[in-house]
Amino acid sequence: MRLSPFDDSNDDKWLHSAPLYGKRVTYTHPSDPHTFKLFPARNGADEDLDGYQRIPRDAKEYEQKSINFDIPNANSGEEYFQIIITGDRPQIQWYSRSEFETRFLYDPLDPPCPRGADPKIWKRNAKKRARKQTESYINLNRDCGELLQRIARLWNGEEVCGVHLLADNVPSIEQLTDDLDEEKLKDLYYNTNLGHNVILAFGDADWFKTTERFLKPKYLFRKQVWYDITQKFRDLMNNGGYKPSLKGDPYEGLVHRVTVGLVNLHDAHRGWDSRSYHHKEDYVIDVLGKDDNEQVYAREILTEHHNWELYRKTYRKMEYLDQKGVKPIAVFDSRETAYAVFNHWHRKGPAELPNGPFNSNYSIDAGRKQIKQAYQSDCYHWVVADWTTTWKLKQKTLGPEGPELDRDLIVSLDW
C-alpha cells in the first residue's frame, strides 16, 4: 500500500493487513519495564504468539473484546505513556509513569525544561502530550508550500504547470511536481516522523491517533488521484495566510468540486446562464442555471458519506426550491450512492417512490425513468426532477459522448 504517490511499492506492504497482537506484561527486564506491548504478526508465519491476544483495529469490535488493557484510555490519560518503536516490524509499548521514569530516567509529566522555556508552560504541554492533545508540528518546506499553492490554484479552475483540472481530465500529481523534490513532499500525506512502516501497521486503527495531513488520495474517473484535500488544507488556505483562498463549499471534496465544474461546463456549452454556489435565502445551491426558456434548474451534488441527516437536509432544500418553481436535479458520485440515498429518502419519510425502494440491479436509464415519472405524478411526494452521475456527466461533456469543446472555453470557465 502506498501512503503517497512518491513512495515505492516495497516488501513491507504486508504490514497494512497484518493482524495485531498484544500482551500485558507481568514481568519485563529491568531495562525495559513496559506494561503492554503490541505488534503486527505475519500471516501464516511461524511465530510464537503464546499469551498474546488479537487486538482489533475497529473501535466497536475493540469495546467488545477484553484484553486486560484499555488502549484508548491509556492514550488519553496520564497513567500510561506510549512509546513507538520503528523499524521493519514496528511495535508500540505503554509504560506506567514509574516504569517510564525507570526506563528513560525522567518523569514524563515533568520532563527536563530547556533553557529559556517557561517551566509551567513546559510542564503543562507535557501533560497535553501525554493525553494526545497536541498536534505534531508540520514543517512546510518550500517545495511543500509550492505544491499546496499549485493544487489550490488547480482547484480554483486555473491552468497550473500547463494542466487544467477539467480540460486535462484531472491530471496526475506528477504533472504538478516535475520541478519539486518529491522526497520532501511525502509529509503532505503522512507523518514521516513516525515512518512509513508505523503508519502502514497501525494507521487505520481507531485507537491510533496521528496528525491529519494536507492531501489524500481519491478515485475519480476510474483512476487514483493524489490531491484530494483535507480540512487542514482548507484551514491553511482559507485561514492560515496562504494564497489563494479556495473556491467552493467549505467542506467539499475533489469529486464534488470537479462535478460542479462539469455541470457548469454542460451549461456553458448550451449557452445557459449559470452560477456556482449561489445563495438563496438560507440555502447554498451548488449550481443554479437558467435555460433558453427561462426555466431555472438547481443542481445538487451528493457524494458518498455516512451523514444521513445531511442527505435529508438536501432533500428539504430541493423541496423548498421545487415550491419556488426551480427544478431540482441531483448529481451523484456513483449509481450506488444514488440508489442508497433514494431508498433512504423513501424509507425515512421525506419522499415517496411509486414502486418502492430500488434494488442494486437498476441501471441509470431505468432509474432516471422512474424518478421522472415520480416527479411528474401528482400522486407521490417527490421533488427530484431528474438525476445523473459524475461519470455520466463527464462522458457527455468531456468524453466520447460529448461535443468537441474548445480548450479555451474550458479553461476560461469560472466555477
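The values are calculated or read from the model by the stated rules, or taken from the named source; none is laboratory data. Everything numeric in this text was worked out from a predicted model, so none of it was measured. Reconstructed Cβ throughout: ideal geometry from the backbone, glycine too, with neighbour counts over all protein chains shown.
Could you please let me know if residue 351 is touching a Phe, Trp or Tyr at 6+ places or on another chain (Cβ under 9 Å), under 20 Å from residue 297 (Cα atoms) and outside any helix (DSSP H, G or I)? It would help to see each step written out before you state the result.
Values: touching a Phe, Trp or Tyr at 6+ places or on another chain (Cβ under 9 Å): yes; under 20 Å from residue 297 (Cα atoms): yes; outside any helix (DSSP H, G or I): yes.
Answer is yes for this residue.
Given the condition in contact with a Lys or Arg (Cβ under 9 Å, 6 or more places away or on another chain), among the acidic types (Asp, Glu) and outside the structural domain of residue 404 (by TED's automatic domain parsing), answer yes or no: does some residue in the stretch 209-224 qualify?
Yes, the conditions are met somewhere in the stretch 209-224.
So which of 352, 300 is in the same structural domain as residue 285 (by TED's automatic domain parsing), more than 27 Å from residue 276 (Cα to Cα) and surrounded by 13 or more Cβ atoms within 10 Å (Cβ to Cβ)?
352
Considering 232, 317, which residue is part of a helix (DSSP H, G or I), within 26 Å of the chain's Cα centre (by Cα) and closer than 16 Å to residue 386 by Cα?
Selected residue: 317, the only one of 232, 317 that is part of a helix (DSSP H, G or I), within 26 Å of the chain's Cα centre (by Cα) and closer than 16 Å to residue 386 by Cα.
Kindly evaluate residue 245 against the criterion of being closer than 25 Å to residue 215 by Cα and in a loop (DSSP other than H, G, I, E, B).
yes
Right, residue 356: more than 27 Å from the chain's Cα centre (by Cα), assigned to a loop (DSSP other than H, G, I, E, B) and among the small types (Gly, Ala, Ser) or not?
Judged against the criteria, residue 356 is a match.
Looking for something buried (at least 16 other Cβ atoms within 10 Å of the Cβ), without any contact (Cβ under 8 Å) to a residue 24 or more places away in the chain and of a type in the set (Lys, Arg) - is there at least one such residue anywhere in the stretch 355-370?
yes
So how many residues does the stretch 324-336 have that are surrounded by fewer than 18 Cβ atoms within 10 Å (Cβ to Cβ) and either more than 20 Å from residue 274 (Cα to Cα) or of a type in the set (A, V, I, L, M) (or both)?
Matching residues across the stretch 324-336 total 2.
Between a residue in the stretch 184-209 that is on the phi > 0 side of the Ramachandran plot and any residue that is of a type outside the set (D, E, K, R) and at pLDDT 90 or above, which pairs come within a Cβ distance under 8 Å, given they are 6 or more apart or on different chains?
Sorted first by the residue in the stretch 184-209, then by its partner, the pairs are 195/86; 195/90.
Among the residues of the stretch 367-392, count how many are over 29 Å from residue 170 (Cα atoms) and not in a loop (DSSP other than H, G, I, E, B).
8
Which of the numbered conditions does residue 150 fail, given that it passes all the others? Conditions: (1) in contact with a strand residue (DSSP E or B) (Cβ under 9 Å, 6 or more places away or on another chain); (2) surrounded by fewer than 16 Cβ atoms within 10 Å (Cβ to Cβ); (3) under 26 Å from residue 235 (Cβ atoms); (4) at pLDDT 85 or above.
Checking residue 150 against (1) in contact with a strand residue (DSSP E or B) (Cβ under 9 Å, 6 or more places away or on another chain); (2) surrounded by fewer than 16 Cβ atoms within 10 Å (Cβ to Cβ); (3) under 26 Å from residue 235 (Cβ atoms); (4) at pLDDT 85 or above, the one that fails is (2).
Going residue by residue through the stretch 278-293, is there one that turns out to be free of Cβ contacts under 8 Å to residues at least 12 places away in the same chain, touching a helix residue (DSSP H, G or I) at 6+ places or on another chain (Cβ under 9 Å), of a type outside the set (A, V, I, L, M) and within 29 Å of residue 149 (Cα to Cα)?
No, every residue in the stretch 278-293 fails to be free of Cβ contacts under 8 Å to residues at least 12 places away in the same chain, touching a helix residue (DSSP H, G or I) at 6+ places or on another chain (Cβ under 9 Å), of a type outside the set (A, V, I, L, M) and within 29 Å of residue 149 (Cα to Cα).
With respect to residue 115, is the statement that it is surrounded by fewer than 13 Cβ atoms within 10 Å (Cβ to Cβ) and either in a helix (DSSP H, G or I) or touching a Ser or Thr at 6+ places or on another chain (Cβ under 7 Å) (or both) true?
For residue 115, the condition - surrounded by fewer than 13 Cβ atoms within 10 Å (Cβ to Cβ) and either in a helix (DSSP H, G or I) or touching a Ser or Thr at 6+ places or on another chain (Cβ under 7 Å) (or both) - is not met.
Look through the stretch 254-288, keep the residues that are among the basic types (Lys, Arg) and part of a helix (DSSP H, G or I), and return whichever of them is farthest from residue 388 (Cα to Cα).
For the stretch 254-288, the residue satisfying everything is 270.
Does residue 127 meet the test of being more than 21 Å from residue 32 (Cα to Cα), touching a Leu at 6+ places or on another chain (Cβ under 8 Å) and free of Cβ contacts under 8 Å to residues at least 24 places away in the same chain? Give the derivation first.
Details: more than 21 Å from residue 32 (Cα to Cα): yes; touching a Leu at 6+ places or on another chain (Cβ under 8 Å): yes; free of Cβ contacts under 8 Å to residues at least 24 places away in the same chain: no.
So residue 127 does not fit the description; no.
Only residues that are exposed (fewer than 11 other Cβ atoms within 10 Å of the Cβ) and free of Cβ contacts under 8 Å to residues at least 12 places away in the same chain: list them for the stretch 134-147, please.
Within the stretch 134-147, 137, 142 meet the criteria.
Identify, from the list 160, 198, the residue that is β-branched (Val, Ile, Thr), more than 28 Å from residue 335 (Cβ to Cβ) and at pLDDT 95 or above.
160
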